[in-house]
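S.K.: First the structure, which I've put down as C-alpha cells, then a few questions once you've had a look.
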Amino acid sequence: MTDTLQNAVLAALRDPSHRISSAWLYDQRGSALFEAITQLPSYYPTRTEIDILDTHLPEITAAIPEHTLVVELGSGSSRKTVPLLNSLHQPAGYVPLDISADYLADAANGLSAQFPGLPVLPRVADFTSAFDLPADLPEHGSRLGFFPGSTIGNLDTGNARDLLRHCRMLLGGDSRFLVGIDLDKSPDILIPAYDDPEGVTAAFNRNLLVRINRELGADFDPDDFRHEARYFEAPARIEMHLVCERAITIHVAGERFELTAGESLHTETSRKYNIEAFSTLAAGAGWSVSGHWIDARGRFAVMLMHATPL
Ligand code: AVI
C-alpha cells in the first residue's frame, strides 16, 4: 500500500491504469459499509466461511497441538475467532493484527472478556507491507496463523506470495496457517455479490471519492461515477471500478486531471482461486496444504497448511 492517501491517489490518477489499493476503501464509513455488505443476501463469502468453520472446526483443529499461539491477520469478527479459540486445546495466546488501532482495541477487549486468562497481545500492523509480531511472545511452541475472509484475494499474486512467505518467517518452523479463499465460480453468482441490488457495494466503492474529497480537498462529484463489478477469467477475479460517466476535470492536491467518459478508477481486485492454484502459490512461500474444507455448493474454501523448510 502506498504510504499516504495523497500519494496513492496522485499515482493512480497519473497512471493510465488508474489503479489504487483497495486498502483505502476502509475509512470509518467504508468499514461500516463493508460490514453491511457481509450481511447482504448476494454476498455469500462471509456466511459461507462461517458455515464451513461451524461444521468442520473440530476436524480442522484436531491436529493442532495444545498451547498453540494464534496470530490473526485482520483481528476479524468474533463470529470466527471465538469458535476457533474454543475449538483449540488450551491456546497459548491470541495476537490480533490490524491496521486500525481503534478496531484492534475493541476486538482485543472483547476477546479478553470472553477468555479470561488467555493472553491477548494486539498489534497494529499493515499486512500489505512487512510487519512484526509483538516482541514479548514466547519463543518456543507452535503458532497458528489465521487469515479468514478471503482478504488474501485482495492482494496481487506477487503480494499474496510475499505475505505468505513473510508469515512463514514470522510464525516459524512449527507453525500452521488457516486461510479462507473464495473459489472461482460463475459470473452469475460473482457479479451480484459485488454489485448488489441494494446498492451497498456501490456506496462502498463511491465512498472512496467522498473520502478523497474530505481528506485531500479534492472536487470529485461521486454522482459522476458509476460502480461496476467486472469478471475476468485469467487469473479469475472480480475487479471493482468507478466508471466516469462524462468528461470531467478534477483537482487533487494542487494538480489537475482530465478524465474522459468511460475511463475508470480501478479500486479493488478480488481474486477467485481454485485449490490447486492456491496450493501452488502457498508452496512457493513455505506452506504445504494439510487439508481443505469446501461448502456443499463449492463456493468457498478454508485451507489448513503447515510450514515447510524455506
Ligand atoms: C475484504 N474482501 C475480502 C472483500 C472481497 O470480497 O474482496 C471486499 C469486498 N469488496 C466488495 N465487496 C466486498
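S.K.: I'd like the residue in segment 218-235 that is surrounded by 14 or more Cβ atoms within 10 Å (Cβ to Cβ), hydrophobic (A, V, I, L, M, F, W, C) and part of a strand (DSSP E or B) and, out of all such residues, is nearest to the ligand (Cβ to nearest atom).
M.R.: Restricting to residues being surrounded by 14 or more Cβ atoms within 10 Å (Cβ to Cβ), hydrophobic (A, V, I, L, M, F, W, C) and part of a strand (DSSP E or B), the top hit is Ala229.
S.K.: Does Leu190 satisfy the condition of being of a type outside the set (Ser, Thr, Tyr) and within 11 Å of the ligand (Cβ to nearest atom)?
M.R.: Values: of a type outside the set (Ser, Thr, Tyr): yes; within 11 Å of the ligand (Cβ to nearest atom): yes.
For Leu190, the condition - of a type outside the set (Ser, Thr, Tyr) and within 11 Å of the ligand (Cβ to nearest atom) - is met.
Residues are listed down the side, and each one gets a yes or a no for (1) away from the ligand (no atom under 16 Å from the Cβ); (2) among the charged types (D, E, K, R); (3) without any contact (Cβ under 8 Å) to a residue 12 or more places away in the chain; (4) not in a strand (DSSP E or B):
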| position | (1), (2), (3), (4) |
| --- | --- |
| His251 | yes, no, no, no |
| Glu258 | yes, yes, yes, no |
| Ala261 | yes, no, no, yes |
| Glu268 | no, yes, no, no |
| Ser288 | yes, no, no, no |
| Trp293 | yes, no, no, no |
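S.K.: Just checking, which of Asp126, Asp156 is in contact with a helix residue (DSSP H, G or I) (Cβ under 8 Å, 6 or more places away or on another chain) and within 16 Å of the ligand (Cβ to nearest atom)? Talk me through it step by step, then tell me what you get.
M.R.: Values: Asp156 fails: in contact with a helix residue (DSSP H, G or I) (Cβ under 8 Å, 6 or more places away or on another chain).
Asp126 is the lone residue from the list that is in contact with a helix residue (DSSP H, G or I) (Cβ under 8 Å, 6 or more places away or on another chain) and within 16 Å of the ligand (Cβ to nearest atom).
S.K.: Name the residue, out of His89, His140, that is surrounded by fewer than 19 Cβ atoms within 10 Å (Cβ to Cβ) and touching a His at 6+ places or on another chain (Cβ under 9 Å).
M.R.: On the way: His140 fails: touching a His at 6+ places or on another chain (Cβ under 9 Å).
After ruling out the rest, the residue left standing is His89.
S.K.: Taking segment 236-249 as the search range and keeping residues that are part of a strand (DSSP E or B) and away from the ligand (no atom under 13 Å from the Cβ), which one is surrounded by the most Cβ atoms within 10 Å (Cβ to Cβ)?
M.R.: Here is the first cut: in segment 236-249, the ones part of a strand (DSSP E or B) are 237-244, 248-249.
Filter again for away from the ligand (no atom under 13 Å from the Cβ), leaving 243-244, 248-249.
Values: Val243: 16, Cys244: 20, Ile248: 17, Thr249: 9.
Checked segment 236-249; the qualifying residue surrounded by the most Cβ atoms within 10 Å (Cβ to Cβ) is Cys244.
S.K.: From the list Leu121, Leu33, Leu111, pick out the single residue that is buried (at least 19 other Cβ atoms within 10 Å of the Cβ) and closer than 27 Å to Asp174 by Cα. Show your work before the answer.
M.R.: On the way: Leu121 fails: buried (at least 19 other Cβ atoms within 10 Å of the Cβ); Leu33 fails: closer than 27 Å to Asp174 by Cα.
Of the residues listed, the single one that is buried (at least 19 other Cβ atoms within 10 Å of the Cβ) and closer than 27 Å to Asp174 by Cα is Leu111.
S.K.: Of the residues that sit in segment 267-295 and are touching a Pro at 6+ places or on another chain (Cβ under 8 Å) and of a type in the set (Gly, Ala, Ser), which one is nearest to Leu170 (Cα to Cα)?
M.R.: So, considering only residues that are touching a Pro at 6+ places or on another chain (Cβ under 8 Å) and of a type in the set (Gly, Ala, Ser), the one nearest to Leu170 (Cα to Cα) is Gly286.
S.K.: Of the conditions (1) within 12 Å of the ligand (Cβ to nearest atom); (2) surrounded by fewer than 17 Cβ atoms within 10 Å (Cβ to Cβ), Thr151 clears all except one; give me its number.
M.R.: The one condition Thr151 does not meet is (2).
S.K.: Let me ask you something else. Does segment 205-217 include one or more residues that are assigned to a helix (DSSP H, G or I), under 20 Å from Val9 (Cβ atoms), within 16 Å of the ligand (Cβ to nearest atom) and among the hydrophobic types (A, V, I, L, M, F, W, C)? Quick ask: steps written out before the conclusion?
M.R.: Within segment 205-217, the first condition is being assigned to a helix (DSSP H, G or I), and the residues that meet it are 205-216.
When the remaining residues are screened for being under 20 Å from Val9 (Cβ atoms), the result is 205-216.
Cutting the leftovers down to within 16 Å of the ligand (Cβ to nearest atom) gives us 205-209, 211.
Narrowing further to those that are among the hydrophobic types (A, V, I, L, M, F, W, C): 208-209.
The answer is yes, given that some residue of segment 205-217 is assigned to a helix (DSSP H, G or I), under 20 Å from Val9 (Cβ atoms), within 16 Å of the ligand (Cβ to nearest atom) and among the hydrophobic types (A, V, I, L, M, F, W, C).
S.K.: For segment 188-199, state whether one or more residues are free of Cβ contacts under 8 Å to residues at least 24 places away in the same chain and closer than 28 Å to Ile52 by Cβ.
M.R.: The answer is yes; a qualifying residue exists.
S.K.: Could you tell me which of the residues Leu304, Leu310, Leu265 is over 18 Å from the mean Cα position of the chain (by Cα) and either among the charged types (D, E, K, R) or surrounded by 15 or more Cβ atoms within 10 Å (Cβ to Cβ) (or both)?
M.R.: Details: Leu304 fails: over 18 Å from the mean Cα position of the chain (by Cα); Leu310 fails: either among the charged types (D, E, K, R) or surrounded by 15 or more Cβ atoms within 10 Å (Cβ to Cβ) (or both).
Unique residue meeting the criteria: Leu265.
Coordinate-derived values only; no laboratory data. For clarity, every value in this text was computed on a predicted model and none was experimentally measured. Cβ atoms come from the backbone with ideal geometry, glycine included; neighbour counts cover every protein chain shown.
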